[in-house]
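Before any comments, here is the structure.
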Amino acid sequence: MDDSRRLHGLELRYALSVYLAQHGPCLITELIGGLTHQGFDLGAHAPKAVSDALRWEIGRGRVVRVRRGTYDATVWPRSTAHRIFKRVLALRSRARELRPVDLDAYDDAFWESLG
């Protein structure tokens, strides 16, 4: 039985956006690996789910496509960043209950990226 937390929809979009804000430009495979490391599950068609979620975030102006398969976060208003980050922290907390991982480095990198 897989004890990961399944991400989809808004939760997936927010988790991807925060990961990009923390780590800079990433390939889709790096995004999948990063979220999996954090204890999340993206399902059987993870690359498709990630690209669909990122396409939505591009439309909202929070993510840009650097080149094929590579994406990066843009600068967000502080209130938007706070709202999204709080939501992702709650998701990570639930995932941590199922599979403990050290996320302190990710949290610090995010706030430092906002300047």
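We did not get these values from a lab; they are worked out from the coordinates using the rules stated. Every value quoted in this text rests on a predicted model; they were computed, and no experiment measured them. Reconstructed Cβ throughout: ideal geometry from the backbone, glycine too, with neighbour counts over all protein chains shown.
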Here the net charge surrounding S17, from other residues whose Cβ is less than 12 Å away from its Cβ (Lys, Arg +1; Asp, Glu -1), is +2
Volume per residue, Å³, of the convex hull around the alpha-carbon atoms of the range 17-79? 87 Å³
Length gained if R87 through K48 is fully extended, taking 0.36 nm per residue and subtracting the Cα-Cα distance, is 11.8 nm
Could you state the principal axis extents of the C-alpha atoms in the range 46-90, from the largest down, to the nearest angstrom? 30, 21, 14
Using Cα-Cα distances under 8 Å and only pairs 6 or more residues apart, what relative contact order does the range 5-114 have, in percent? 38 percent
